[in-house]
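Down below is the structure, laid out as structure tokens.
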Amino acid sequence: MLSDGCSFIKGVLLGGVFCLVLSFLGNFNFSSESSTEDHHHHHIYAPSKDELKRLSESQVEELKNQVRVYCIIMVQPKTLVYWATVLDTWSKHCDNAVFYTSESSKALEAVDLNEKDDWARLRKALIHAYENAGDLRWFFVAQPTTFAIIENLKHLILAKDPNEPFYLGNAVKSGELEYVEYSSGIVLSYEALKRLMTMFKDEGQCPERTHTLWKMGEDKQLALCLKYAGVFAENGEDRHGKGLFNKQNVVNMIKQSMQDNPSDVVEGCCPDMAVTYGGMSPNQMHVMMFGVYRLRPYGHDFHDWLTFYPPKDSDND
Amino acid sequence: MKTLGPRISFYAGFVVGTFTLYVFLRQLWFEKTLPMHQVTTLARIQDYQQQLEEEKKMWKKEGSALFNLEHPHHIGEDSRMADELYKKVRILCWVMTGPKNLETKTRHVKYTWSRHCNIVVFMSSVDDPDFPTVGLGTKEGRDQLYWKTIRAYHYAYEHYADEADWFLKADDDTYVIVDNLRWILANHTPEEPIYFGRRFKPYTKQGYMSGGAGYVLSREALRRFVEGFKSKQCTHTTSVEDLAMGQCMEKVGVLAGDSRDSFHRETFHPFVLEQHLTAKFPKSFWYWSYCYYPISEGPNCCSDMSVSFHYVDAIGMYLMEYYTYHLRAFGYRHRYQPPTPPGYSINKFESWDAGKKDKKLEQKLVHPDLSRTDKRQNEDPPPVDGKDGPAAAEGK
């Protein structure tokens with residue numbers, strides 16, 4: 001009986017020690033994981049006014065030229081109303097806005113990729129854009145429910161060299177993979193797209209079609225291919241840490257802020273220089289167009305160090 | 001049996017030990033997070049106190065009126081023109097509301113556009129010293145609207161006639177861009193007997209202003225309104241508040257002003273922005289026959305310098321505030337350059353941003369908007385100069 005008791009107590013003690021060791025090991029694992037997380041998570045900020053002031057006039061002019069954007073808008077005939085709204089609103093501010101469709105539509109013009117598979121379609125669109133870029137060095141991929149303020153995008157990437165690999169937007173993590181979320185818009189520099197073209201030839205690491213039952217979203221596929229090419233996702237934010245690329249639409253964000261920050265709804269919600277809002281209805285897009293490019297309070301000026309002019313033949317901005 | 005006993009005991013003990021310590025550790029972790037839960041409720045109380053503190057910075061409460069102390073500014077913004085207008089064109093905003101709406105509607109008015117008024121007074125049927133609201137001694141309901149208006153304007157005249165130049169009436173579902181209202185009013189003086197709003201044409205000779213879209217009386221117009229009731233020229237003719245107001249204004253010789261911008265686009269709006277921009281009102285809709293000036297649908301419905309929208313809900317208030325005062329396109333040079341009101345000049349101010357700018361490109365700018373080919377624009381050709389003039393623009 002005594003030996004049983006002793007064994008029991010030994011067991012209890014050893015069990016306790018075992019548990020402690022396990023929990024410490026667990027903590028240790030977490031901390032090492034977080035350090036690798038920080039290593040990859042990059043933030044992209046727009047240049048400050050002071051940084052811009054230091055440049056010469058010709059340098060500023062050069063930057064403005066360099067930051068011209070090729071917009072890749074992925075549409076489908078079933079979302080015709082959204083397609084028409086994007087055509088009529090923000091896409092007019094792209095230096096070149098090209099619509100890529102899954103199948104042709106009699107109503108609107110687009111590059112017909114004749115492709116039902118989402119990832120294959122995105123690939124084809126990116127290839128077409130790369131081949132037809134002309135002298136444009138930045139690429140912006142959007143869905144028809146996304147509203148983008150191209151001037152704010154240009155401001156964000158103004159001092160970035162497109163011959164460096166940039167892949168940015170609303171960067172999120174899924175397991176080990178950090179990717180740029182699709183509905184809030186994807187920004188690629190020329191170098192990033194160039195590396196992607198090379199990756200596309202590698203059917204092993206970056207196949208055009210995956211025949212698995214479980215399909216990874218095309219934004220994650222893109223991130224994976226880019227990762228193999230040494231290009232990593234970065235998050236576009238302002239100096240207050242607010243994300244400039246939003247997957248939610250502005251109304252939902254305000255609703256959320258009314259709950260979270262009832263005494264400071266607008267300041268606590270959305271950034272002044274937002275680049276994108278996802279999930280926008282056509283009417284919301286028309287309202288945002290007016291709100292961004294027309295409506296303002298008299299007597300408040302910003303004297304930004306760069307000027308962007310309204311596009312020709314447009315009546316709603 | 002004898003050898004099994006201690007072994008089983010050992011294993012049993014091991015399991016018990018592991019389990020006990022696991023439970024113990026979890027409890028410890030819980031206790032660490034529990035104070036955090038208490039912290040969130042504490043944070044809520046702190047939030048509320050912070051709100052009260054901020055309110056004290058925003059307004060000085062005098063009786064039931066809120067006198068603006070610090071109208072909102074943005075970092076990095078040049079608001080000298082807006083500040084100048086704030087000093088010279090003083091606006092008292094009174095908001096028509098009721099006790100049931102305070103938490104659901106009026107509160108959002110308070111935290112958004114009313115912060116841009118010089119003075120704001122919330123008019124209700126019941127006194128509320130905390131919000132604060134003025135009790136006008138009426139009942140609630142649509143049939144009380146003109147009574148409330150009469151009493152509200154009398155209240156404003158009796159208490160604040162010398163503290164403001166213009167007196168705006170708005171509903172608790174009207175969103176007003178007060179800076180743009182100042183831009184319009186700066187072209188007039190408070191001694192003129194005039195009032196502005198969204199002009200409707202029926203039932204009156206000179207038209208009357210839509211109640212929901214808000215309307216603003218000059219000090220002289222307000223004086224004549226009050227005198228009109230004293231002399232019985234004006235009485236409570238009907239509960240249709242905006243029409244009754246229009247009829248009184250006509251009787252006492254107050255002019256119904258034209259609030260459109262220099263491109264003849266409307267500034268006061270009886271519906272929400274979304275409807276004016278996108279809705280196709282059927283031709284049988286009353287709106288078509290009521291508007292004094294020709295209606296434009298689509299982007300020309302509304303001036304860049306719009307002043308008001310009606311039927312704006314709580315979320316809409318914050319959305320309008322975001323679109324007006326916060327969201328913008330970097331470096332964008334707007335097509336419409338609103339003419340500077342007489343007596344105000346951008347040139348007056350020294351160069352706010354010393355140093356070179358995008359001057360070469362500014363000079364290359366083609367004069368905007370004279371070649372606008374919008375067919376929906378009304379017949380009147382746009383005035384020759386929608387700009388201040390290049391000198392003023394460069395003076396920035």
Do the conditions hold for residue B:139, that is, is it more than 14 Å from chain A (Cβ to nearest Cβ) and farther than 20 Å from residue B:97 by Cβ?
no
Residue list for region B:226-270, filter: free of Cβ contacts under 8 Å to residues at least 24 places away in the same chain and surrounded by 17 or more Cβ atoms within 10 Å (Cβ to Cβ)
B:234, B:248
For region A:50-65, indicate whether the set of residues that are among the basic types (Lys, Arg), at pLDDT 90 or above and within 29 Å of residue A:200 (Cα to Cα) is non-empty.
no
Filter result for the condition that a residue is surrounded by 17 or more Cβ atoms within 10 Å (Cβ to Cβ) and in contact with a strand residue (DSSP E or B) (Cβ under 6 Å, 6 or more places away or on another chain), over A:181, A:191, A:218:
A:181
Residue check, residue B:150 against (1) open to solvent by less than 40 Å² (accessible area, probe 1.4 Å); (2) part of a loop (DSSP other than H, G, I, E, B), all met but one. Which one?
(2)
Within region A:126-140, residues within 18 Å of residue A:114 (Cα to Cα) and under 17 Å from the mean Cα position of the chain (by Cα) come out as A:126
Does residue A:264 qualify as being of a type in the set (Asp, Glu) and either open to solvent by less than 40 Å² (accessible area, probe 1.4 Å) or in a helix (DSSP H, G or I) (or both)?
no
Sole miss for residue A:238 among (1) farther than 16 Å from residue A:169 by Cβ; (2) within 14 Å of chain B (Cβ to nearest Cβ); (3) touching a residue at least 24 places away in the same chain (Cβ under 8 Å) is condition (1)
Would you pick out the residues in region B:61-112 that are of a type in the set (Asp, Glu) and either without any contact (Cβ under 8 Å) to a residue 40 or more places away in the chain or not in a helix (DSSP H, G or I) (or both)?
B:62, B:70, B:77, B:78, B:83, B:103
Give the residues of region B:285-308 that are assigned to a helix (DSSP H, G or I), more than 14 Å from every other protein chain (Cβ to nearest Cβ) and open to solvent by 10 Å² or more (accessible area, probe 1.4 Å), sorted by residue number.
B:286, B:288, B:289, B:290
Cβ pairs under 6 Å, 6+ apart, first in region A:153-170 and within 16 Å of residue A:52 (Cα to Cα), second in a helix (DSSP H, G or I) and open to solvent by 30 Å² or more (accessible area, probe 1.4 Å):
A:158/A:63
Collect the residues in region A:266-317 that are touching a residue at least 40 places away in the same chain (Cβ under 8 Å), under 30 Å from residue B:345 (Cβ atoms) and touching a strand residue (DSSP E or B) at 6+ places or on another chain (Cβ under 7 Å), keeping them in residue-number order.
A:308
When you go through A:140, A:166 one by one, which is the residue that is open to solvent by 10 Å² or more (accessible area, probe 1.4 Å), in contact with a helix residue (DSSP H, G or I) (Cβ under 9 Å, 6 or more places away or on another chain) and among the aromatic types (Phe, Trp, Tyr)?
A:166
Test residue A:116 against the criterion of being without any contact (Cβ under 8 Å) to a residue 40 or more places away in the chain, part of a helix (DSSP H, G or I) and open to solvent by 10 Å² or more (accessible area, probe 1.4 Å), and give yes or no.
no
Do we have any residue at all in region B:189-196 that's touching a Phe, Trp or Tyr at 6+ places or on another chain (Cβ under 9 Å) and either assigned to a loop (DSSP other than H, G, I, E, B) or surrounded by fewer than 18 Cβ atoms within 10 Å (Cβ to Cβ) (or both)?
yes
Pick from region A:275-304 the residues that are open to solvent by 20 Å² or more (accessible area, probe 1.4 Å) and more than 7 Å from chain B (Cβ to nearest Cβ): which of them is nearest to the chain's Cα centre (by Cα)?
A:279
From the list A:151, A:57, A:103, A:109, exactly one residue is under 22 Å from residue A:309 (Cα atoms) and open to solvent by 50 Å² or more (accessible area, probe 1.4 Å). Which is it?
A:57
Specify the residue that is farthest from the other protein chains (Cβ to nearest Cβ); the eligible residues are those in region B:309-326 that are surrounded by fewer than 24 Cβ atoms within 10 Å (Cβ to Cβ) and among the hydrophobic types (A, V, I, L, M, F, W, C).
B:314
Filter region B:155-187 for residues that are open to solvent by 10 Å² or more (accessible area, probe 1.4 Å) and among the small types (Gly, Ala, Ser); the one that is nearest to residue B:97 (Cα to Cα) is B:161
Listed residues B:114, B:124; which is buried (at least 21 other Cβ atoms within 10 Å of the Cβ), small (Gly, Ala, Ser) and in contact with a helix residue (DSSP H, G or I) (Cβ under 7 Å, 6 or more places away or on another chain)?
B:124
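The values are calculated or read from the model by the stated rules, or taken from the named source; none is laboratory data. Quick caveat: nothing in here was measured; it's all calculated off a predicted structure. Cβ coordinates were reconstructed from backbone atoms using ideal geometry, including for glycine residues, and neighbour counts include every protein chain displayed. Heads up: the accessible areas ignore ligands, DNA and RNA and are worked out on the full protein's heavy atoms, side chains in. Shrake-Rupley method; radii C 1.70, N 1.55, O 1.52, S 1.80 Å.
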